[in-house]
Each structure stands twice: as structure tokens, then as C-alpha cells.
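The values are calculated or read from the model by the stated rules, or taken from the named source; none is laboratory data. In this text the structure is predicted, and so the values were computed from the model without any measurement. Using ideal geometry, Cβ is built from the backbone for each residue, glycine included, and neighbour counts are taken over all protein chains shown.
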């Protein structure tokens with residue numbers, strides 16, 4: 001009996017020693033991964049101080065440092081057991097997740113979407129992510145598919161995430177807006193694919209999803225968010241009264257219609273239902289309900305736009321002037337009040353005052369599309385008054401201005417807008433060859449953006465309607481369609497990435 005007890009004690013000691021060794025080994029593995037990650041982060045921070053994205057060597061070093069982290073994690077993570085190294089294993093998974101996040105950012109910036117998809121798939125295969133980390137990884141994978149043109153794969157991921165994260169809240173009951181918005185994103189992707197039947201099916205599915213949230217989570221922030229998203233869907237579909245009916249049920253603690261919901265209702269009443277007097281009364285009520293200086297000028301602006309849309313131009317202008325006089329910060333950060341001052345004078349045929357406001361718009365907000373448009377508004381006025389000399393002068397000035405802004409804001413949305421406006425001038429001047437050249441340049445520089453994709457569609461239209469080159473028009477549309485939904489034979493199906501081609 002004593003011998004048996006002694007043997008058991010020895011075995012217990014051996015087990016403890018083995019467990020201790022395993023635990024120590026796990027801590028060392030985790031520590032080594034942390035050192036690698038810290039090195040990668042220091043390189044990333046250094047490269048980001050004054051980022052030069054043309055410095056390929058530096059960014060390749062940053063990527064290599066993060067890949068060293070992930071390679072180390074893939075090699076050692078299976079040696080950490082859930083029984084003895086649960087904490088270290090989870091920390092290794094977090095280090096891998098953060099490294100992959102950095103790598104996907106870099107690959108997206110380089111448009112190496114298959115590399116991004118590969119590294120995210122490795123993360124999902126080697127780890128057992130949960131919660132927000134799982135959501136973040138899956139969303140990155142969906143984006144990689146989306147930007148590489150495989151929209152259906154992206155939509156499939158969206159569908160899985162909607163099912164996995166139901167209800168769309170985290171452990172602290174905070175709404176996961178990324179998930180809540182996925183049904184609307186699926187609709188948008190099918191609209192890009194011009195698949196009307198799929199759009200209809202996705203819309204019906206989205207309605208069921210939001211209605212389920214509304215019915216199952218009454219009197220909660222989730223119900224409010226679901227109502228807002230469903231109202232947005234109805235508004236996009238032109239179902240304005242249905243949207244309003246949804247939003248009037250969103251109440252605040254006093255039982256009144258929620259302030260933000262009432263703002264949306266007022267906007268829908270003005271722009272959708274076009275009940276201008278009713279909308280103006282709503283904006284007046286909202287203005288009396290707040291003394292928030294961040295909200296007031298926005299409400300006043302919307303009321304002014306409603307006056308403009310109803311044809312009461314002087315009232316519109318008076319409100320915009322009131323914003324300029326009393327809310328300078330808002331006025332000088334947002335070009336739209338100045339734009340509506342110019343437009344209201346223009347509508348009343350007070351050209352001298354309108355031109356002054358257009359010129360102020362150009363001087364004060366040069367990087368805005370409203371300033372870009374102001375050049376065309378001035379040129380268009382001189383065209384209408386048959387002053388060809390001044391019209392041509394302003395078109396020339398506009399073209400030079402767009403060139404300058406494109407240079408100053410290279411690889412940004414401002415450059416994309418500048419190219420689009422240059423193409424618009426070419427079309428107005430019936431210079432069709434220049435127009436298609438600019439439109440295709442815009443697509444080539446910004447292929448994954450809406451403005452770039454619309455440019456290619458417009459280029460196809462010019463080729464078809466004005467240059468009578470139907471085959472080129474068809475080839476451009478096919479190229480866009482293949483990017484949005486590539487044929488099976490064009491999809492990347494093996495492990496080869498952009499980095500090793």
C-alpha cells in the first residue's frame with residue numbers, strides 16, 4: 001500500500017514537472033512572438049512618420065517584419081495546448097491577428113488583393129478567433145474578394161456574418177454596426193453587378209432581418225438602429241412614406257419622436273415627399289428643441305435648402321447669410337452654404353452677385369467639388385448669354401485649375417474629381433477623344449472606387465454614341481463586369497500571390 005502511494009506521488013510530481021516545463025515553453029514562445037511583433041511595430045511607426053509610398057524598399061521591410069511574426073505564430077501555435085497554455089495561445093492568436101491586420105492594410109494599399117486574402121485565410125486556418133477578432137478577419141477577407149472583383153464571395157461572407165453575429169451586439173451589448181450594415185452592403189454590391197433579381201432578393205432578405213430585430217428587441221438601441229437602416233432602405237427604394245412611418249416610432253425618454261429620427265423625417269419630407277412647408281415646420285421645431293451649436297447650423301442649412309428647392313431663393317439666401325454671420329466655424333468648413341448663396345442669386349438672374357459668390361467659393365474652398373463646379377457654372381452662364389469669348393476663357397481656367405488640384409492632391413479623391421471634371425469639359429467641347437482618354441485614365445487610377453467605375457461606363461457611352469466604336473464600348477463594359485464579377489477561369493484559385501509572381 002505504501003509502495004502504491006509512493007508510485008502515485010512520483011507520477012504526480014513528474015506530471016507537474018512536465019506541465020511546468022510545457023508552461024515555461026509556452027511563455028517563451030509567446031515572448032519570442034511579442035519581440036517580433038514589437039520590432040515590426042517600430043518599423044511601421046518609423047515608416048508612417050512621413051510616409052512615402054513610393055519607397056518600396058522600406059515598406060517591403062515592414063511587410064517582412066510582420067510576416068516574420070505570422071510565420072513564427074504558424075510554426076509554434078499548435079505546440080501550445082489549451083490545457084496548459086490557454087493564456088499564451090490566446091495572446092499568440094492576438095499577435096497574429098494584429099500582424100495580419102497590418103499586412104492587409106499594406107496589401108490593400110498596394111492593390112495586392114490575393115496576397116491579402118491568402119494571409120487572412122492563413123490566420124483563420126491556424127487560429128480559433130472569436131468575437132470582434134473573427135469579425136474583423138472575415139470583413140478583411142470579404143474586402144479582399146470585393147476589391148479583386150469576386151463580389152459573390154464577398155456577399156457569401158456577409159451572409160455568414162449576419163447569421164453568426166445575431167443579434168449584432170458585442171459582449172458589452174454595444175451594437176456591431178459593421179454587421180448591422182451588411183445587408184445594405186450586399187444590396188449595393190448586387191446593384192454594381194446590375195443584377196436586378198438579386199437586388200430584389202437581397203432587399204426582401206434585408207427587410208426580414210431588420211423587422212426581426214425590431215420585433216425581437218423592442219425598446220432598445222438595437223431596435224432604433226434597425227428602424228433607421230430599414231428606413232434608409234425604403235428611402236433608397238423611393239418608399240418615402242414607409243420610411244417616415246418607421247421613424248415616427250423611434251421615441252426618446254419623454255415619449256416624443258427621437259431628435260435624430262425627426263431630423264431624418266424632415267429630410268425625407270423635403271427631398272422625398274417634397275412637402276416643403278411641412279418640412280420647414282419640422283426644421284423649425286427641431287431648432288427650438290436644441291441649443292447645440294454643432295447641430296443648429298446644420299438644421300438651418302437644411303431649412304435653407306428646403307426653401308431653395310421650393311423656389312423661395314431669397315429666404316434660402318437669408319438663412320445662409322445668417323449661418324455665415326453667427327456660425328463662422330461651420331460656414332468656413334462647409335462650402336455648401338456659400339454655394340447656395342451663389343445659386344440663389346443665379347436663379348433670380350442677379351448675375352453680378354452670383355459671380356461674386358462663385359468666386360468666393362473658389363477662393364475659400366478650392367479642394368471641394370463645389371469649387372470645381374463653380375468654374376463650370378460661370379462658364380455655363382457665359383455660354384447661355386452667347387459670350388463665347390468669356391465662356392472659353394473660363395473653361396480654360398477650369399482646365400488649368402483641375403490640373404493644379406490633381407497635382408497637389410495626387411492619389412486622393414480630389415485628384416479623381418479633378419480628372420472627372422476635366423473629362424466633363426472635354427465632353428462639353430465635344431472633344432470626344434480627349435474625353436474617353438481622361439475617363440479611362442480615371443478608371444485606371446481609381447479602379448475600385450465608384451467614381452472610377454462610373455468613368456469607365458461613361459467612356460463606353462462616348463465610344464458608342466459619339467465615336468461609333470461599339471466594339472470598344474462593349475470591351476470596356478466587359479472589362480468592368482469581369483472586375484466586378486470575374487469568370488471562373490480568371491479567378492485566383494491557388495496559393496500564388498502578387499508577391500511571388
With the structure loaded, tell me whether residue 131 is on the phi > 0 side of the Ramachandran plot, touching a helix residue (DSSP H, G or I) at 6+ places or on another chain (Cβ under 8 Å) and modelled with pLDDT under 95 or whether it fails that test. no
Out of curiosity, is residue 308 in contact (Cβ under 8 Å) with a residue 24 or more places away in the chain, surrounded by 14 or more Cβ atoms within 10 Å (Cβ to Cβ) and outside any loop (DSSP other than H, G, I, E, B)? yes
From 415, 444, 448, which residue is surrounded by fewer than 20 Cβ atoms within 10 Å (Cβ to Cβ) and at pLDDT 95 or above? 415
Which is within 20 Å of residue 35 (Cβ to Cβ), assigned to a helix (DSSP H, G or I) and at pLDDT 95 or above, of 92, 98? 98
With respect to residue 5, is the statement that it is surrounded by fewer than 20 Cβ atoms within 10 Å (Cβ to Cβ), at pLDDT below 85 and either touching a helix residue (DSSP H, G or I) at 6+ places or on another chain (Cβ under 6 Å) or assigned to a helix (DSSP H, G or I) (or both) true? yes
Could you say which residue among 286, 273, 299 is touching a helix residue (DSSP H, G or I) at 6+ places or on another chain (Cβ under 7 Å), outside any helix (DSSP H, G or I) and surrounded by 15 or more Cβ atoms within 10 Å (Cβ to Cβ)? 273
Go through the range 164-201 and give me each residue that's over 14 Å from residue 229 (Cα atoms) and outside any loop (DSSP other than H, G, I, E, B). 164, 169, 189, 190, 191, 192, 196, 197, 198, 199, 200, 201
Of the residues that make up the range 234-242, is at least one in a helix (DSSP H, G or I), out of contact with any helix residue (DSSP H, G or I) (no Cβ under 9 Å at 6 or more places or on another chain) and loosely packed, with under 15 Cβ neighbours inside 10 Å? no
